[in-house]
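First the structure, then my questions, so here it is.
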Amino acid sequence: MDARIIIGLFALTLVKATPLTLGALSGIFCERSGVVNIAIEGMMLTAAFTGFSMTFFTGSSILGIIVALLTGVLLALLHAVLSIRFEVNQIISGTVINLMAIGVTGYFNRVIFIGKVVPGVTLLPLIKIPLLSEIPFIGPILFIHQPIVFTMLLLVVVTHVVLFYTPWGLRMRAVGEHPRAADTLGINVHRVRYINVLVGGAIAGLAGAFLTLEAVGTFEKLMSNGRGFISLAAMIFGKWTPFGALGAALLFGFAEALGVRLQIEDIGVPYQFVSMLPYLLTIIILAGVVGRATPPAALGTPYRKQ
């Protein structure tokens, strides 16, 4: 295989892995503090719509990203209030947000854009990191990308440091494992959970911004396309660690990138079968991992202060 094809395949793998990694990091912040969050899919979808809409009407990608982040935070706040304050079943709370996201984005997309000529917004620019982008083979794969891809890589490192090398990370893990013991040590369990869910929402919002402002430049109905759920699979496969989640997301991203490459090569296989690769891989990995990966001990359990 031509070296340029291999480089292109690996570079595309990193791009395809970006929203999955961001979604997995969102899940890590939530679940390490004891809150199940299957609403990442809905947060991505809604943020993709609001980020695109703001960029379309203002012409500012920066405003679009800010609105996408705020959208993720607001939906995360709803999830936090339902699951922490009112102790609603966290799976049900997340499902409600996912269904609401489908309905809300579908309705406003139809009202605002359907029937109108809607040009796509300008995608975020490609950035070449000086010197590093010139390194043979590795340079084009790692150091020539758009801003959110680089941000994702930075967030993986930051999340790892915060989680394992800071007092906040210690509190987060304590609340997710033994909230009662954390409470007796003076840690505000609800406060830690609220903050982490909101941070997770912002990261999920950034994943949504990637879909519309960095990947395609327009909004399409249901364009999150299950990425939120695949992100959760990557988080579980990565054992609730940032670098583990990145590795799993790269595996899923490679399956998606390979599917794109096979369609370009026109191998004679219906594209529907090729498009199934990431989802088949998700099923296979979860079938082998679930039951072996150990989640935080207090995951999904509401905490009542006594």
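The values are calculated or read from the model by the stated rules, or taken from the named source; none is laboratory data. Computed from a predicted structure; not experimentally measured. Neighbour counts are summed over all protein chains in view; Cβ atoms, including those assigned to glycine, are modelled from backbone coordinates with ideal geometry. These area figures cover heavy atoms from the full protein model, side chains too; ligands, DNA and RNA do not enter into them. Shrake-Rupley method; radii C 1.70, N 1.55, O 1.52, S 1.80 Å.
Taking the chain as a Gaussian network, Cα atoms linked when under 10 Å apart, which of Phe243, Phe29, Phe113 shows the biggest mean-square fluctuation?
Taking springs between Cα atoms under 10 Å, the residue moving most is Phe113.
Hand me the tally of lysine pairs in the chain: alpha carbons under 29 angstrom apart, and the pair either on different chains or 8 or more positions apart.
5
Which of Glu214, Glu31, Glu87 ends up with the largest GNM mean-square fluctuation for the chain, with Cα atoms connected below 10 Å?
Glu87
Turning to a different aspect of this structure: Distances longer than 24 Å among the Cα atoms of segment 160-306: what percent of all pairs is that?
Roughly 46 percent, once rounded to a whole number.
Let me ask you something else. Peptides 89-97, 19-27: what's the order by average Cβ count within 10 Å, highest mean first?
Most protected by this proxy first, the peptides run 19-27, 89-97.
If contacts are Cα pairs under 8 angstrom and at least 6 residues apart, what is the relative contact order of segment 153-204 in percent?
Rounded, it is 22 percent for segment 153-204.
On the protein heavy atoms, probe 1.4 angstrom, tell me the percent of accessible surface of the chain carried by carbon and sulfur.
71
Cut-off 16 Å, label point 7 angstrom out along Cα-to-Cβ of Thr301: give me the residues of segment 32-48 whose amide nitrogen falls inside.
Within reach of a label on Thr301: 32-36.
Evaluate the Kirkwood expression for the hydrodynamic radius of segment 83-181, namely the inverse of the mean inverse distance over all pairs of different C-alpha atoms, and round to one decimal in Å.
18.7
What percent of all Cα-Cα pairs in the chain falls into each 20 Å bin, going from 0 up to the bin containing the maximum distance?
P(r) over the chain, rounded to whole percents: 33, 57, 10, 0.
Given a Förster distance of 30 angstrom, what is the FRET efficiency for Leu63 paired with Leu99, based on the Cβ-Cβ distance and rounded to 0.05?
Efficiency, rounded to the nearest 0.05: 0.60.
Right, here's the next one. Applying 1/(1 + (r/R0)^6) with R0 = 35 Å to the Cβ-Cβ distance of Ile6 and Tyr165, what FRET efficiency is obtained, to the nearest 0.05?
0.50
Bin width 5 Å, origin at 0, all Cα-Cα pairs of segment 88-146: what percent of pairs per bin?
The calculated distribution, bin by bin, is 4, 14, 10, 9, 9, 9, 11, 14, 14, 6, 1.
In whole Å, what are the Cα extents of segment 19-74 along the three principal axes, biggest one first?
39, 18, 15
Now, a different point. Using protein chains only and a probe of 1.4 angstrom, how many square angstrom of Arg85 are accessible, to the nearest 10?
We get 150 Å² for Arg85.
Could you tell me the relative contact order of segment 1-134? Use alpha-carbon pairs under 8 Å, at least six residues apart, and round to a whole percent.
In percent, rounded to a whole number, it is 25.
I've got another one for you. What area, in nm² and to one decimal, does the C-alpha convex hull of segment 165-235 cast on average over all directions?
6.3
Right, something else. Give me the angle, in degrees from 0 to 90, between the Cα long axis of helix 90-112 and the longest principal axis of the Cα atoms of the chain, rounded to the nearest 10.
40
Could you sort His145, His160 by accessible area so the largest value comes first, with the probe set to 1.4 Å?
His160, His145
Mind pulling the angle between the C-alpha long axis of helix 61-80 and the longest principal axis of the chain? Nearest 10 degrees, somewhere in 0 to 90.
30
Would any residue of segment 23-38 have its amide N under 13 Å from a label point 7 Å out along Cα→Cβ of His178? List them or say none.
What the label zone holds, given the 13 Å backbone N cut-off, is no residue at all.
Could I ask something else about it? State whether segment 1-152 is rounded, prolate or oblate according to the following rule on the C-alpha gyration tensor (a ≥ b ≥ c being the square roots of its eigenvalues): a/c under 1.5 gives rounded; otherwise a/b larger than b/c gives prolate, and the remaining case gives oblate.
In terms of gyration-tensor shape, oblate.
Which of Lys239, Lys116, Lys16 ends up with the largest GNM mean-square fluctuation for the chain, with Cα atoms connected below 10 Å?
Lys116
Let me know the charge dipole size of segment 105-243 about its Cα centre in debye, to the nearest 20, where only the beta-carbon of Lys, Arg (+1) and Asp, Glu (-1) is charged.
Roughly 360 debye, rounded to the nearest 20.
Can you give me the relative contact order of segment 123-218 as a percent, contacts being Cα pairs under 8 Å and 6 or more apart?
Rounded, it is 26 percent for segment 123-218.
log₁₀ I(q)/I(0) of segment 41-125 at q = 0.19 Å⁻¹, via Debye over equal Cα point scatterers, no solvent, to two decimals?
-0.85
Work out how much length Phe108 to Glu220 would gain on full extension: take 0.36 nm times their residue separation and subtract the Cα-Cα distance, in nm to one decimal.
Full extension from Phe108 to Glu220 adds 39.1 nm.
Keeping every protein chain in place, order Val149, Val121 by accessible area at 1.4 Å, biggest value first, i.e. largest first.
These residues rank, largest area first, as Val121, Val149.
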